[in-house]
Structures are given as structure tokens and as C-alpha cells.
Amino acid sequence: MFIEIKNLWKSYQVGSFKIDALKDISMNLDKGKFYVVLGPSGSGKTTLLNILGGIDRADSGKVIVDGEDLSSLDSMALTIYRRKKLGFIFQFYNLVSSLTVLENVLSTKYLSEDGLDPKEVLEVVGMWEHRDKFPFELSGGEQQRVAIARAVVKNPSIILCDEPTGALDFENAKRVLKLLEDINKKYGTTIILATHNTAIAKMSHKIIRLRSGELVEFADNPSPIPAEEVAW
Amino acid sequence: MLKKIPLRIMWRDKAHFIGIILLVFLASFAYAIFSILITNIDTNYKNFVKNYNQEDFHFTTFFPIDIETLEKKYNVSIEEKFTWDYEFGDKIIRFFNITEKVNKPLILEGKLPQIGEIAIDPNFANSNRLEIGDEIEILGKNFKISGFVSLPDYIYITRNENDMLPDPLRFGIGIMNLEDMRNFLRSIAYRYYMVKGNISDFDSFKAEVNSKYNLLSLQEKDENFRIIVTEMKMESARPMAYVISFTVMLISSILLFIVLRRLINSMHAEIGTLYALGYNKREIVNTYIMFPIFIWLLGAIPGGATGYILSDPFTKFYVSFISVPVVEKFFPLNDLFIAIFIPALFMIPSGYMAIRSLLRRSVVEIIRGESEKGFKSKFRMKFLDRLPFKRRIMIKQGLLHPSREIVLIIGVAFATLIIMYGVVAKTALSYLVEDTFQNIFKYNYLYIFNYYEKENKYPNSEPFNMLSFYIKGTKAKVVIYGIEKNSKMIILKDKKGNRIELEGLVIAQSLADKFNLKEGDYLNIVNKIDGREYNIKVKKIADLYVGNSGYMTLDEFNNTFNMEKNSFIGIYSMNKLDIPKENIVSTLSKEDIIKSFRDSAQSVDQMLQVMYMLSFFLAFIIIYVLSALVITENRKSLGIFKILGYKDKELSSMFLGFNNFSFILGFLLGIPLFNTLITYIMNQALKDVDFSFKLQPTIRDILFSFSYLFLAFLLSRYLGRRRIRAVSPNIILKEQWE
Ligand SMILES: Nc1ncnc2c1ncn2[C@@H]1O[C@H](COP(=O)(O)OP(=O)(O)O)[C@@H](O)[C@H]1O
Ligand SMILES: [Mg+2]
């Protein structure tokens, strides 16, 4: 099993309230698949991705990724884990503003021993000509493409995408989805994409549906549609 | 409502602001304590000199002079003074009679001595646990100590004219009435004439005295070590005090400018919103100008007040070192006022300049925000592309903010200057003791006779001759010695450590340094007694750093200065000799000298500690504030890098690594800066004084200073890394919640 989640609980203390962000989640994920975590705002998607990404910790339960039990890792080991296995894509791109496009890509290329060629990756996302620009000189869609290149260049086994299209218009959103689909196919990268947009779920191999922190659906999508055909 | 902003932000960004406040504190403190000290010493010294009629010069003659005639002719006051050394055990009290016209004694405590009473100097009294009212027996007669005294011509109380340091345990001065003194005056009695007043034709005065009464010696005030050392020390303390406080202020104001500009840039959106809400520019400027005002008030008032409070003990401590009788305490309010207000002159304009950029921008521009624009093409720095990623980011980070690196460089350079000053002074002192007195001056005792001798009848000793000159056109005194050709007592060596074959004139390196003399140059000197001029070629320069001195062989010396062959005035000896007291003018034991140097090294140690603290503090604060600034403004990037899997160590070297270069550059700049300052002090403040020290930093001094400041650097780096560790990726994650 590539990713194994068992009885995962996570809650947050806000003032005197305790919010259960994830309640007893259990599931197994396979390598190389495209997963969509679907759910309305506040359902626990980000929390799940953060725990998988080693940025946040579970309260109880097990999360084993590629043989590593995340709860047993200290913060240094988690850093190494992120650096070796993961790519991140966020809703607000989170490029480093003082670095150029190419440098942003190099910033993760630096972390991996067997990464991909930055030029090739930037060409795939169509940003090679813009490699010397700073993030503020780019549109949102362009920035997200750079973020994708940054995640892909180190050839991670998993890419976690948290609302990657949330801040983009329809056209740009589709282009981003297409890229993610291509990457999944071309490099066999496991992609876990969190979104509240049900239309996107149609392109996944498997849907993980959350509601108020509970796993309400974990089902194969018998006929994933290509990204080009996703519409909303 | 807006009023709350500055203090809140200062509290939030404590790391930046507390550092600047501490620097302002330091600047005000340093200014207050030094200027109050200087005012106290200066005023007391001037009052002392004036009210107690300090001499302008004194002289000795073979025959008694006619005081009244000379006074009338040259319109000066002249007074005769007798002196007599009372020796007991290894101690000496040099007694003078009480004078009334020139060099009047100042009673610091107690009363002027009546018949059967004496007054002594308080340092000797302290060191020997003598108190007012105690009785001491002097050659069978009991004397009561009536008080503590200070003499205007013996401010710096040294036994021999050229001793560099006082030795209050074994040498002190005292006064008694002439009637009492007469009982002790014998052939060794010493009488001289003290003169107050200006003589326009000094040469004819000397000539007249010489022809009528046979002038034996004459010493002007500004070549009198016992008077001039104090002024000299004051003069060299002054630039140090001002340089320290002004540089610290300058550094803190630049630091404030940087921090404030950064802050305002990061708050553009908020400021824009304030505009939108209807606040006008004036109100906004009035809000932000409170930053420098708060910093100033929080730093300068406590700093000035602390300096003011501590100035009293500090003055006491310093006075024991500089030996000025402080009779009256001054608490000059204007010094305090300046100490508190000067920082405002630095901080408020610097703060205003940081805010001014806001005023020039249109409201729309401000609202649009600024944080990310400004990465113009020049920041791409494509020339760095070939470097590995991490190093490239590190260099970019530095080049992006040259002003910060400049402050860091200046700050470190200045810290280097301060610490080197302390360390080098300390090394110089111990070099003198450990090296010069062990390896160059081999003799253990030195005796100077009353009259020239021709035959040396003491074993294990060597004769020498000496004469005092001044360098033509200056007041600098030079002593030239004639010693045996292959002397076993004085081993002169060149820079490489090879013994110098004595031939022609060999001068000390310290003399060469001071007057920029090279081998082959001519030294133009004037005999202090008879005014004869000599022009002597400098054959070699010896690696010797004590005093303005030169050496020749005894034969050549006597020949050059027209003295009888083989005559000599003193001997160097390995053993203590039993020479009748009435035959010698002075004795010197090397052990005593070394001991007094060691003692005084302790007071140097205290100064050194202050300098250690100051330089550490300065380097640490500047580096720390700037690192904290970098970390705060890059919080978001740091968060992203952390999520991507960067380790804290890597981030610290990427974001703070450039400081390594700036630190080293600052240190390297500090060395020539130090040399310049020392040259200045040596050449200006101590120009006319027979005083020299080897103040070139040795490799060890440099290494030590570096390691020490590096410690400050490491500490700030450690704290910086802790701040980096504390940055949580949550800054990024928060945005994802919505
Ligand atoms: N760091 C946090 N502190 C407090 N509450 C949080 C925190 N992170 C998430 N939550 C809460 O947990 C719940 C799940 O949030 P999240 O995982 O962000 O949902 P989603 O990404 O699906 O919108 C929400 O109610 C949210 O307010
Ligand atoms: Mg979310």
C-alpha cells in the first residue's frame, strides 16, 4: 500500500470550542493515481492534505506514506520527508516573490538528487520564455503554472494540490488541470487534489468525499474524463 | 486611535526596536558619562592650575639667584623651593617646603601642616594605610599628618622625571614647613626655582641666569611629565569619548532608517486604507514620526540619566588613574542636556526621511501596495546564474539591500576599532614588561651620579653617559645615551631580531615613528642646557618602543658632544651597589619598574573590560537587528521554503549568509581604521610629549579581536537561526483555510 490512513483524528481548539476537522478517517491510496478530495469549505480537505504533507500532525491514528509512519517522525525527519517525496501546489501559488521564475523552479530542483531538467519542465508548462520574470510580473494562471513546474521539477512521488484552481478563471483553471493530468500520466506521479468544485472530480481516478471532517465517499471513478472536457 | 499604532508595532517587532533603543541608550550614556567626566576633570584641573599658580617652568642653578631682580626684570613671580627625599625601607616620601607664590599646595582634606606636622599625598596615604592624625617618625622626630595635599607641579606623582607610571605604594610626596625641613637638609638638599609668568625673550633669560648663576637645568611645563601626563591623558580621552558616542548614534540612526523604511513599506496597504478612511498625510506622518520619538525618549533619557548617575563613581575611578585633584563636583546640566537631545537630532531626521517616501507617493499608489514591486530588472542579477542555487540566493539577498550591509560593515569596523584599542594597549604594556625589560634592558639597577666620573670601579656594571635634547622646531624631548660598544646591559636589535652593531646614532623605533625618520635621515637636535645644535645622521633604527631615545658608543658620544674622553654620568649594574647617597642623583631598579607596570596593568584591565563589553554589544546588536529584519520581511518566503523541505540551517545560510562577508569585510576595514586613529592620537594628542608606545596590533591581537567579535557574530547568528526556526509554515497555510 502506498499511502495508508487509519483512524485518523484531528481537532483544533479555537477558544473554548473544539473543532473536529477530521473524524476517524481510514483509507488506502495507490501509487500513480489521480485523487480528488471533494468537499465544501470547512470540510477538512486542507487539514488532510497538511497531515499527508507532514506540515501538520494527526491527533491519533496512523498515516503511513511509502513505508514511513509520519507520526513517528520528528520535525527534521518530516522536513526530509517533504523534501524527498512531496510537491505542493497552493491556491495562492506561493511563489517566492524575490526569486525569478527560473529560480523558483531551481529552489526545489536543488532539493532533489534525481530531478528533472528545469528547462524541460518550464517548457511543458509554457513558462520558459518568462523564466527571468518575477512573480509579480505574471498573471495568476502563469504563476500557478510556475508553481506546478516548481513542484514537478524534483520529480516527487506525490503532488499535493490544495484548491489549485481556486483563484483562476475558467480557461486558466483548465490549463492547470490539463498539466496535472499530463504529469500524472507522464511521470506516474500520485496526485491528490483538494477542491470544492464537483466538476473537477470527474477527471479523477478516485473521489475522496469529505463532509464535516468525515469520509462520506471513497469510490472509483469508472470513467475519468480528460481535463479538456471538464466544465463548470 | 492612530496613536496606539507605533507602540504596538514596536512591541510586536521588539527585536528590531529594542536593539535600536539600546544603541541610543549607549550613545547617550557614553556621551553623558564622558562629557561630565571631562568637564569635571577639566574644570577642576583649570581651577587648580589657576588658583594654585602652577609654574610655567622651573630651573636649578649652582649659585643662589637674586629672586627680586629677576622678577622685576622679567615681570614674573619666582619662588624658591627645597626638596628632600625621606627614605625608609623601600619607600620614599619626597618632601617640599610650603610655598606661597608658585605651586601652592592644595589641601584636599585636613589642614596645612603647622610646625611638627606634615601633609602627604592621598594616594601614598591610601596605599600605605596612613590617615590624618597618624604620627610618623622621621629621623627620630615625630610628625603628625595634618592633611592630604596635592601640588600643581606634581600632579602625576612619579619618582623620576621620566617614569611612566606612579608607584603610590613606594613613592609619595609631602609638605612640611621650612623650619622643620632645615633639620634634614644636608648636602643632598635640592633647591630649585619655580617661575610663573610668560617671558618673551626666553633665550636671554636663560643666558642671563646661566652667566650669573650657572644654570644647571631648566624644565618647561609642557615637557614636565609630572604636569603634562594629565593633560595628555585628558586630550586622548576626549576624541575617544566623542568618537564613540557619535559613531554609535550615527549607526543607530541609519539602523532606524532602514528598519522604519522597511516597516512603512510593509504597511502600505494599511496606510492606504487610513487614507481611504479620510486621514490626511499630516496625521499619518504625525503617527509614524512617533517611532523615532519613542525610540529617542526610551533610549536617551534612561541613557543620559544613567550616565549622569554613574558619572560620579566613574570620575572617582578615572581620577585615580589620571590624578587630578577633584575638589569640587560639577554636575553640568548642559552636558546632560546635550547627551539627551543630540540623539533626537539623529533619530528624528532619519525617521522623517524614512517616512518622506510616503509623502511623495500618490494615495492610489500607496493603496496599491508596494511589497512586491521594486524587483526591477537589476535584481535579476543574471551574472549570478552560474553559481549553485543556494549561494546565488545568498549573494542576491546581500546585494538586494546594500545599505544594510554597509551599516553592518561600519558597525563591525567600529567594534573592531574599539576592541583593538583595548587589546593593543594591553599587549603594548605587557610587551614592554615582558620583552623590552627582559631582552633589551638587561641591567637590574641604574645609578646616576652627581658629577661626571672617569673610572668605573664597580664590578658587573657598565658606565653610560646621557644628555637631553629637544628636536629642533618642536618641544619633543630626546635623550641620547652613550653606552659601551658591546654593552651587556643594553642589547639593541633590529626588526629581524639581529643585534645591532653600535656605530653612529641608533634611535628607537618609537622615535622614528613619531617623526617619520628613516635610516639615513638627519636628526636635528638642540641641547637643552646650553642650546647647542647638532645634526646627526640616523644610522640604524632599533626595535625599541620606550621613549624618544637614541644610542651611541660612549666614545663617539663624548666626542660628538664635546665631553671629556671616558667621562660618564651613570652606570648600569646587574647587582645592587653600595654607592654613597651623596654621590648619586637617582637610582632605578628594574624590578620596581616592572612591578609598577604590572600594577597599572590592572587599571588598564578595567578599561579593557569596558571596551570588551562595548564592542561585543555593538557588533551583536547591529548584526542581530539586521538579521531580525531580514527574517521578518522574508517570513513568507521562509515559510514557503520550509514547506518545500528546506532545513533551518540551509535557510539561515541563504538568508543571513551574506552577513559573513560583511562581517569579515567590516573587521578587515577596522584594522586600518584603528591604525589611523592611533597614528592620529600619537601624532596629534601626544605630539610634543616624550611618550611612545608600540601600538601596532600584533597578529595575536588581531586574531584575538577577531575571535572575540566572531563570538558576538555567532551569538547573533544563533538567535537569528532560532527566529528562523520559529517561523511556521502556518503563515502560508492560513491563507488556504478560507
Ligand atoms: N489551524 C487551525 N486552527 C483552528 N481551526 C482550524 C485550523 N485549521 C483548520 N481549522 C478548522 O478546521 C476545519 C477544517 O478546515 P479545513 O481543513 O481548512 O477545511 P477545508 O480546507 O475543507 O476548507 C474548519 O472548521 C477550520 O475552521
Ligand atoms: Mg481548504
Could you tell me whether any residue of the stretch B:229-249 is modelled with pLDDT of 85 or more and of a type outside the set (Lys, Arg)?
no
For residues that are of a type outside the set (Gly, Ala, Ser) and either crowded, with 18+ Cβ neighbours inside 10 Å or assigned to a strand (DSSP E or B) (or both), tally how many sit in the stretch B:171-205.
14
Out of (1) buried (at least 18 other Cβ atoms within 10 Å of the Cβ); (2) over 29 Å from B:Phe57 (Cβ atoms); (3) not small (Gly, Ala, Ser), the one B:Lys565 does not meet is (1)
Looking only at the stretch A:57-70, decide whether some residue is within 16 Å of ligand 1 (Cβ to nearest atom) and among the hydrophobic types (A, V, I, L, M, F, W, C).
yes
Here are some conditions: (1) crowded, with 16+ Cβ neighbours inside 10 Å; (2) outside the structural domain of B:Ile136 (by TED's automatic domain parsing); (3) closer than 30 Å to B:Glu328 by Cβ; (4) not small (Gly, Ala, Ser). B:Glu71 meets all but one. Which one does it not meet?
(3)
Hey, any hits in the stretch B:524-537 for a residue that's surrounded by fewer than 19 Cβ atoms within 10 Å (Cβ to Cβ) and farther than 26 Å from B:Phe568 by Cβ?
no
Looking only at the stretch B:721-738, filter to residues that are over 48 Å from the mean Cα position of the chain (by Cα) and at pLDDT 70 or above; which one of those is farthest from ligand 2 (Cβ to nearest atom)?
B:Ser728
Being among the charged types (D, E, K, R) and near ligand 1 (Cβ under 10 Å from one of its atoms) is the filter; apply it to the stretch A:19-53 and report the residue that is nearest to A:His205 (Cα to Cα).
A:Lys45
Do we have A:Asp59 as under 20 Å from B:Lys390 (Cα atoms), away from chain B (no Cβ under 14 Å) and charged (D, E, K, R) here?
no
Between a first residue in the stretch A:34-53 that is at the interface with chain B (Cβ under 9 Å from one of its Cβ atoms) and a second residue that is at pLDDT below 95 and in a helix (DSSP H, G or I), which pairs have beta carbons less than 6 Å apart while being 6 or more apart in sequence or on different chains?
A:Thr46/B:Gln736
Quick one: which residue in A:Pro156, A:Pro164 is of a type outside the set (Gly, Ala, Ser) and either surrounded by fewer than 22 Cβ atoms within 10 Å (Cβ to Cβ) or more than 16 Å from ligand 2 (Cβ to nearest atom) (or both)?
A:Pro156
Is the stretch A:106-115 home to any residue that is touching a strand residue (DSSP E or B) at 6+ places or on another chain (Cβ under 9 Å) and within 25 Å of B:Asn634 (Cβ to Cβ)?
yes
Could you check the stretch A:1-47 for strands (runs of 3 or more DSSP E) lying wholly inside it with 3 or more residues that are closer than 18 Å to A:Asp162 by Cα and within 16 Å of ligand 2 (Cβ to nearest atom)?
A:34-38
Residue selected from the stretch B:205-236 under the condition out of contact with any Phe, Trp or Tyr (no Cβ under 9 Å at 6 or more places or on another chain) and not acidic (Asp, Glu), by the criterion nearest to B:Val324 (Cα to Cα):
B:Ser236
Would you be able to say whether some residue in the stretch B:209-221 is under 29 Å from B:Ala428 (Cα atoms) and part of a helix (DSSP H, G or I)?
yes
Exclusive hit being at pLDDT 95 or above and either crowded, with 18+ Cβ neighbours inside 10 Å or within 14 Å of chain A (Cβ to nearest Cβ) (or both), set B:Phe641, B:Phe693, B:Phe667:
B:Phe667
Checking B:Ile132, B:Ile145 in turn, the sole residue that is crowded, with 18+ Cβ neighbours inside 10 Å and without any contact (Cβ under 8 Å) to a residue 60 or more places away in the chain turns out to be B:Ile145
Restricted to the stretch A:62-111, and to residues that are more than 7 Å from chain B (Cβ to nearest Cβ) and of a type in the set (Lys, Arg), which residue is surrounded by the most Cβ atoms within 10 Å (Cβ to Cβ)?
A:Lys109
Would a scan of the stretch B:626-636 turn up a residue that is at pLDDT 90 or above, closer than 30 Å to A:Pro156 by Cβ and not in a helix (DSSP H, G or I)?
no
Quick one: B:His58 ticks every box in (1) in a helix (DSSP H, G or I); (2) assigned by TED's automatic domain parsing to the domain that holds B:Lys221; (3) under 30 Å from B:Arg182 (Cα atoms) except a single one, so which number is it?
(1)
Condition first: in contact with a Ser or Thr (Cβ under 9 Å, 6 or more places away or on another chain) and within 16 Å of A:Ile159 (Cα to Cα). Can you find one or more residues in the stretch A:9-20 that meet it?
no
Selected residue [under 18 Å from the mean Cα position of the chain (by Cα), under 17 Å from A:Glu214 (Cα atoms) and exposed (fewer than 14 other Cβ atoms within 10 Å of the Cβ)] from A:Asn28, A:Asn7
A:Asn28
Among the residues listed as B:Glu80, B:Glu109, B:Glu55, B:Glu87, the single one being within 21 Å of B:Ile173 (Cβ to Cβ) and more than 35 Å from the chain's Cα centre (by Cα):
B:Glu80
Counting only residues that are within 14 Å of another protein chain (Cβ to nearest Cβ) and in contact (Cβ under 8 Å) with a residue 40 or more places away in the chain, give me the helices (runs of 4 or more DSSP H) lying completely in the stretch A:126-231 with at least 1 of them.
A:140-152
When you look at A:Phe92, is it touching a residue at least 12 places away in the same chain (Cβ under 8 Å) and either within 16 Å of ligand 2 (Cβ to nearest atom) or among the basic types (Lys, Arg) (or both), yes or no?
yes
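The values are calculated or read from the model by the stated rules, or taken from the named source; none is laboratory data. Predicted model, so just to flag it, every value in this text is computed and none were measured. Ideal geometry is used to build each Cβ from the backbone, glycine not excepted, and the neighbour counts take in all protein chains shown.
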